[in-house]
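In what follows, a structure is listed as structure tokens, so that the remarks can point back to it.
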Amino acid sequence: MPDDCLFCKIAAGELPSEIVQEDEHTVAFMDINPWTRGHALVIPRRHSRNLYEVDDEDLCNASVAAKRLALRMRDRLRCDGVNLLNCCEPAAWQTVFHTHIHVIPRYDDDPLQLPIRPRQAEQGELAQVAAELRED
């Protein structure tokens, strides 16, 4: 555990937080800068910087915990939907460098909007990128 990792300190009980769910592998707590009512974070207890470095088992456990929390949000907060978001590296908006999943309840009247406007792929673009990504 890095000495300066806020999320490791939350998982260890060294920093205050509003924990809503935890088990031996994960901790879920309220985001201090919520995008909507109920916005929470799910983290693996074991430190990893982000999606590039997280152990597969830790990622699986965090994903299952995020699903459990999303179902509870649906049932108890009566949200109309939920977004799961992972940010990996600063270019993708990561600001705390401990793997985490945002679980964001969505409401029909909330102010959030898609951060991008989808566009139609150009001729041949999908095939070219798919070729670059295919396993050898």
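The values are calculated or read from the model by the stated rules, or taken from the named source; none is laboratory data. Keep in mind the model is a prediction, meaning the values are calculated, not measured. For neighbour counting, all protein chains shown are included, and Cβ atoms are generated from backbone atoms with ideal geometry for every residue, glycine included. For accessibility, only protein heavy atoms count, side chains too; no ligands or nucleic acids. Shrake-Rupley method; radii C 1.70, N 1.55, O 1.52, S 1.80 Å.
Restricting attention to segment 30-39, which residues are touching a strand residue (DSSP E or B) at 6+ places or on another chain (Cβ under 9 Å) and either assigned to a loop (DSSP other than H, G, I, E, B) or farther than 22 Å from Asn83 by Cα (or both)? Of everything in segment 30-39, those that are touching a strand residue (DSSP E or B) at 6+ places or on another chain (Cβ under 9 Å) and either assigned to a loop (DSSP other than H, G, I, E, B) or farther than 22 Å from Asn83 by Cα (or both) turn out to be Asp31, Pro34, Trp35, Thr36, Arg37, Gly38, His39. When Leu84 is tested against (1) closer than 30 Å to His47 by Cα; (2) open to solvent by less than 60 Å² (accessible area, probe 1.4 Å), exactly one condition is not met: (2). Condition check for Arg68 on (1) touching a residue at least 40 places away in the same chain (Cβ under 8 Å); (2) touching a Cys at 6+ places or on another chain (Cβ under 8 Å): one failure, at (2). Just one of (1) surrounded by 15 or more Cβ atoms within 10 Å (Cβ to Cβ); (2) assigned to a helix (DSSP H, G or I); (3) touching a strand residue (DSSP E or B) at 6+ places or on another chain (Cβ under 9 Å) trips up Arg74, so point out which. It fails just one condition, (1).
Residue selection: Ser48 satisfies the criterion of being at pLDDT 95 or above, of a type in the set (S, T, N, Q), open to solvent by less than 80 Å² (accessible area, probe 1.4 Å) and over 29 Å from Asp109 (Cβ atoms). Scan segment 55-71 and tell me whether some residue there is open to solvent by 10 Å² or more (accessible area, probe 1.4 Å), in a loop (DSSP other than H, G, I, E, B) and either touching an Asp or Glu at 6+ places or on another chain (Cβ under 8 Å) or closer than 21 Å to Ala92 by Cβ (or both). Yes, there is a match, as at least one residue in segment 55-71 is open to solvent by 10 Å² or more (accessible area, probe 1.4 Å), in a loop (DSSP other than H, G, I, E, B) and either touching an Asp or Glu at 6+ places or on another chain (Cβ under 8 Å) or closer than 21 Å to Ala92 by Cβ (or both).
Figure legend. Inter-residue proximity from segment 38-59: first residues among the acidic types (Asp, Glu), second residues part of a loop (DSSP other than H, G, I, E, B) and open to solvent by 10 Å² or more (accessible area, probe 1.4 Å), beta-carbon distance below 6 Å, spacing 6+ or different chains. Indicated pairs: Asp58/Arg46.
Please determine, by comparing only the residues of segment 90-136 that are under 14 Å from the mean Cα position of the chain (by Cα) and not in a loop (DSSP other than H, G, I, E, B), which one is nearest to Asn61 (Cα to Cα). Once the filter is applied, the top-ranked residue is Ile101. Given the residues Cys87, Cys79, which is the only one that is in a loop (DSSP other than H, G, I, E, B), closer than 18 Å to Val54 by Cβ and either touching a Leu at 6+ places or on another chain (Cβ under 8 Å) or hydrophobic (A, V, I, L, M, F, W, C) (or both)? Exactly one of Cys87, Cys79 is in a loop (DSSP other than H, G, I, E, B), closer than 18 Å to Val54 by Cβ and either touching a Leu at 6+ places or on another chain (Cβ under 8 Å) or hydrophobic (A, V, I, L, M, F, W, C) (or both), namely Cys87. Whenever a residue of segment 109-126 is over 30 Å from Arg37 (Cα atoms), its partners that are surrounded by 10 or more Cβ atoms within 10 Å (Cβ to Cβ), lying with C-beta atoms within less than 9 angstrom and at least six residues away or across chains, give the pairs Ala121/Val129. Taking Ala40 as the residue in question, decide whether it is within 13 Å of His102 (Cα to Cα) and in contact with an Asp or Glu (Cβ under 8 Å, 6 or more places away or on another chain). In short, yes. None of Val42, Val20, Val27 is of a type in the set (A, V, I, L, M), in a strand (DSSP E or B), closer than 27 Å to Leu112 by Cα and over 14 Å from the mean Cα position of the chain (by Cα) except Val20.
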